[in-house]
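One structure is given below, encoded as structure tokens.
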Amino acid sequence: MARLGLRRFPPPLVLSVLLLFLAATASAAAGKGKGKGGSGGLRFRRESGTFKVLQVADMHYADGRSTPCQDVLPAQNRGCSDLNTTAFLYRVFRAENPDLVVFTGDNIYGLDSTDAAKSMDAAIAPAIAMKLPWAAGIGNHDQEGTLSREGVMRHLVGMKNTLSRFNPEGVEIDGYGNYNLEVGGVEGTPLANKSVLNLYFLDSGDYSTVPSIPGYGWIKASQQAWFKQTSASLQLNYTSEQPKQKEPAPALAYFHIPLPEFSSFTASNFTGVKQEGISSASINSGFFSTMVEAGDVKAAFIGHDHLNDFCGKLTGIQLCYAGGFGYHAYGEAGWSRRARVVSVQLEKTESGEWQGVKSIKTWKRLDDHHLTTIDSEVLWNRGSNGRRKKNHDGS
Ligand SMILES: *[C@@H]1O[C@H](CO)[C@@H](O)[C@H](O)[C@H]1NC(C)=O
Ligand SMILES: *[C@@H]1O[C@H](CO)[C@@H](O)[C@H](O)[C@H]1NC(C)=O
Ligand SMILES: *[C@@H]1O[C@H](CO)[C@@H](O)[C@H](O)[C@H]1NC(C)=O
Ligand SMILES: *[C@@H]1O[C@H](CO)[C@@H](O)[C@H](O)[C@H]1NC(C)=O
């Protein structure tokens, strides 16, 4: 019998096609998040109804112990190296116990790294050792060593516990590391199998390749098209699939290089500090207006300018720097290295059941003696933006 024959002598081709099919089915199921939370099992916590993201910007990791610190006080120079960056990661992970760690690029400093893959492994190691789910994007320095941008991203997606992805499948897109993650509602509640919070990761490039345009890279039209399509599909699913939700789920965007709109603020309308210029691309590729039009992104988080750590709100979207994290990255002596935390809180019904997102808060942690928390603020509240917009529409 054919069936018996197949079992006794499985032709390799049939077997591998079968395995591929099974793998594809499994990953499609994981992507849709049916029954296992969002992407990679990400979901809100039952006890607190929270989901916490810790952003690490600009580690600039190179060769570890032999790579010295930059811009620390003279008395701090001795014995200061990449290992201080590693120690800060462990400290802040223990203090915050995040649900997801996001590395927003310049994770390694390619120029000073002997082996880019080894540097990346060492840089990310604390997240893996502490079994924290993590996602990464690339900046403008990750590819300056032994790996290309493509090579760095391929290495990242192959690392343990990562939720990073190379790029969406079957889509022509610029850059490496454009993907989205879904965060499921609390297990056992009606929103358990829906993505109640969405995360977008985009490659903001490194340097312009257009001779007439100097300076840094930008988020290209192909990436914006993918973002628009993904956002529209997520919003449609959230509001039309059972149990139907009235408003789209909020979203956060993470990338490396600031948009030109980060220059819209002064100390009167941001929280945090601006101690250097905004190093965005010299042209505006329109990603900010693309996000405003899509409507779901409530805050965008970047790195790149290590001495800026502010959040400012423009047209309903919070634009936030994280501030520099790494000790081999430029900084300011006496000004602590830092990380940004975002804590997303679900709404609870009167009967005590967790619903969709109610608010998004943020604060920063400093690498000082007490891991001081500073600049806590609410970035977004359900209702405040939405309601005002409805009134303007006359509804
Ligand atoms: C979520 O999916 C799981 C697994 O498919 C199922 O058992 C559960 O009933 C679903 N929950 C809801 C609220 O739809
Ligand atoms: C770097 O780490 C060493 C060893 O733990 C420590 O003594 C030193 O204070 C750290 N330096 C800074 C600037 O945190
Ligand atoms: C929306 O739902 C459809 C049908 O379940 C699914 O194929 C699609 O991937 C979902 N969209 C996103 C962006 O997850
Ligand atoms: C911030 O304040 C400055 C100075 O008052 C003003 O010019 C600018 O338009 C404000 N920006 C935003 C985004 O409100």
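Read-outs throughout are calculated quantities, based only on the coordinates presented, and are distinct from any laboratory measurement. Small disclaimer: the values here were computed from a predicted structure and weren't measured. In this analysis, Cβ positions are derived from the backbone assuming ideal geometry, glycine residues included, and neighbour counts consider all displayed protein chains.
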- Message: How far apart, in nanometres, would the label points at Leu314 and Glu293 be if each is projected 7 angstrom from Cα along the Cα-to-Cβ direction?
- Response: 1.7 nm
- Express the Stokes-Einstein translational diffusion coefficient of the stretch 229-305 in µm² s⁻¹, to the nearest whole number, given a Kirkwood radius over alpha-carbon pairs, 4 °C and a viscosity of 1.567 mPa s. 90 µm²/s
- Task: Would you mind telling me the antiparallel percentage of the DSSP bridges in the stretch 37-393, rounded to 5?
- Result: 60 percent
- Message: Can you give the log10 of the normalised intensity I(q)/I(0) at q = 0.15 Å⁻¹, computed with Debye over equal Cα scatterers of the stretch 252-395?
- Response: -0.82
- Message: If the reach is capped at under 13 angstrom between alpha carbons, list the aspartates and glutamates near Lys364, excluding any in the same chain fewer than eight residues apart.
- Response: Glu96, Asp309, Asp375, Glu377
- Task: Kyte-Doolittle cut-off 0.5, length cut-off 20 Å along the helix's own axis using Cα: show which whole DSSP H helices in the chain pass.
- Result: 12-32
- Stretched fully, the stretch from Ser263 through Gln229 gains (0.36 nm per residue minus C-alpha distance, one decimal, in nm) 9.5 nm
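Which order do Trp134, Trp335 fall in if you start with the one that has the fewest other Cβ atoms within 10 Å? Could the numbers behind the result be given before it?
Details: Trp134 24, Trp335 17.
By the 10 Å Cβ count, ascending: Trp335, Trp134.
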- Query: Out of the stretch 235-331, which trypsin sites (Lys or Arg not before Pro) are coil in DSSP terms and have no more than 10 other C-beta atoms within 10 Å?
  - Reply: Lys244, Lys246
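How big, in percent, is the set of alpha carbon pairs in the chain lying more than 31 Å apart? Each step should come with its number before you reach the end.
Details: 29055 of 77815 pairs.
When all Cα pairs of the chain are counted, 37 percent exceed 31 Å.
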